[in-house]
1. Which condition number does A403 fail, the rest of (1) among the small types (G, A, S); (2) touching a residue at least 60 places away in the same chain (Cβ under 8 Å); (3) not in a helix (DSSP H, G or I) being met?
2. Would you mind telling me which numbered condition in (1) in contact with a strand residue (DSSP E or B) (Cβ under 6 Å, 6 or more places away or on another chain); (2) not in a strand (DSSP E or B); (3) not basic (K, R) A39 fails?
3. Against the condition assigned to a loop (DSSP other than H, G, I, E, B) and either modelled with pLDDT of 95 or more or under 17 Å from T369 (Cα atoms) (or both), how does P89 come out, does it pass?
4. What tally of residues in the range 230-244 results from selecting those that are out of contact with any Pro (no Cβ under 9 Å at 6 or more places or on another chain) and surrounded by 20 or more Cβ atoms within 10 Å (Cβ to Cβ)?
5. Residues that are within 27 Å of A150 (Cα to Cα) and without any contact (Cβ under 8 Å) to a residue 60 or more places away in the chain: find the helices (runs of 4 or more DSSP H) completely inside the range 425-491 holding 1 or more of those.
6. Taking the condition part of a helix (DSSP H, G or I) and hydroxyl-bearing (S, T, Y), does T115 pass?
7. Taking into account only those residues within the range 249-302 that are surrounded by fewer than 21 Cβ atoms within 10 Å (Cβ to Cβ) and of a type in the set (G, A, S), which is nearest to Y337 (Cα to Cα)?
8. Are there any pairs with C-beta distances below 9 angstrom linking a residue in the range 204-222 that is polar (S, T, N, Q) to a residue that is at pLDDT 95 or above, with the two at least 6 apart or on different chains, and if so which?
Amino acid sequence: MISDIESFINGGCAAADCEAYGVYPRSLHTAEGVTAFMAALEDRDVLAASAGSGFSGEPLRAGGADWVVCRLDHDNAQRLRALFPFTAPESVLTRERTIGLGDRLGIATPGHIRTLEKYDASPIFAQQSIRELTLTNRTFEDVLDCASWAVFREDFTRGFGADGDHLKTEKEVEYAISCGYTMITLDCSEHIRGDAAAMTDEQVAAEYRGDPALEALYMNREFDADGERIFIGENAFRRMSLIYNEAIDFAVSIYKKFFTGEKTLDFEISIDETATPTDPEQHFYVASELIRRGVKPATVAPRFCGEFQKGIDYIGDLKQFEKEFAVHAAIARHFGYKISVHSGSDKFSVFSIVGRLTRGNFHLKTAGTNWLEAMAVVAEHDPALYREIHQYALEYAFEKATAYYHVTTNLNNIPALDTLTDAQLPELFANNDARQLIHITYGLILSEKNPDGTFRFKDRLYRDWRVYAEEYAQRLERHIGRHLAELYSEF
Ligand code: ZN
């Protein structure tokens, strides 16, 4: 209540009073003569700040001074970032260990911050693709604002990044950068000729347009990448030229346009959303060409062998993964960037390999698992709502969502809801098929409307997540903590 905020200020903003008055204890900050803190009202959080501090909100007279009680809106978030620079994103990808923690709901960061107290990895708290923005009806501004407020609330001062993830066009890159994003993941998939991977050598030769300069640089040549031998044969060279040359041109043009200014921005090149894995030789060629043409990537995301499906463990031959990953990691070291592992949620059987073979120099992206943990909270504390959503996903949303997410889910492996007691519902999150059912349908679940135009699930979900915020934070601390424990286990 506002009267609690008033009492807190009247008492001199004493740290010992925080809990009694619903003030977030770590949010109490002063800068440039401004005192500001965050408090929980019944249905939302607010910022209270000294009047005249540039924040706009409802005036409040308390403790013999003028204050404002402010909404956590975009203008106030801008002011927050200016006044408290640790709440603004920065370039962090050049640090040794980084982890992308895509938060589709705007509520996960406090839990993530707890996990990071035990690990030195630097976070990318704001990380969203255009697809995710569209499916959740959010904007880059909103995603970053949520991260900034959480960082302020929890006093996380180690620095964090903001990643415009899987951007495919110049316009998208421009939008993310204009919102203050400090990292761009350029998705080159629309410029990759995936069909050339399956062609015969003859077909490749017929389509290939020779470039003598490039041939002299790569064809029939052997390279050493940090102790790993890379040989590019004639046919392999023609094929990789056909697959990647246009993507390389695209990456170079985006880099020259947006990344050569004064501000340090992290550039990631993603070639992972393709039909076939990236051979180490192809990875070498793409990296070598980018660097020769002046691009300085912070991270590169190849597509690894096996399957990195959403929200479940790695599917594939671990021995082969380890063998190829060793070469990918050596290539990254050779050229001076980090390997980025996408769809990194829940890939528990590969994390120790990633940590060891990169020698503790990695970037891992997670997103969906944070949503799944939020839904597990609902299954545990609001079984009736969970049942309704599960049924909706099963009967309607899943089929629609498979149009934009690749999964091999078998819905028959999910136990029928009426055979489960309420207490058993959270166990569904240990079932890979149930995980994927809920994982890929988030956009439809969040946007489904009643005939009267109100949201069918969204408002009830957010109410639950507010009531059970502590449970959610604990779950994330445990679950993302498991990711990090494995990543850190062997280097
Ligand atoms: Zn990806």
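The values are calculated or read from the model by the stated rules, or taken from the named source; none is laboratory data. None of these values were measured; they are calculated from a predicted model. As a convention, Cβ positions derive from the backbone with ideal geometry for all residues, glycine included, and neighbour counts pool all protein chains shown.
1. In the conditions (1) among the small types (G, A, S); (2) touching a residue at least 60 places away in the same chain (Cβ under 8 Å); (3) not in a helix (DSSP H, G or I), A403 misses (2) alone.
2. (2)
3. Numbers: assigned to a loop (DSSP other than H, G, I, E, B): yes; either modelled with pLDDT of 95 or more or under 17 Å from T369 (Cα atoms) (or both): yes.
Yes.
4. Our first condition is that a residue be out of contact with any Pro (no Cβ under 9 Å at 6 or more places or on another chain); within the range 230-244, this holds for 231-244.
Narrowing the set further to residues that are surrounded by 20 or more Cβ atoms within 10 Å (Cβ to Cβ) leaves 232, 237-244.
Matching residues across the range 230-244 total 9.
5. Values: elements: 432-440, 442-447, 458-467, 469-487.
Helices (runs of 4 or more DSSP H) meeting the threshold: 442-447, 458-467, 469-487.
6. Working: part of a helix (DSSP H, G or I): yes; hydroxyl-bearing (S, T, Y): yes.
Spelling it out, T115 is indeed part of a helix (DSSP H, G or I) and hydroxyl-bearing (S, T, Y).
7. S288
8. Close Cβ pairs satisfying both conditions: N220/F231; N220/I232; N220/G233; N220/E234; N220/F237.
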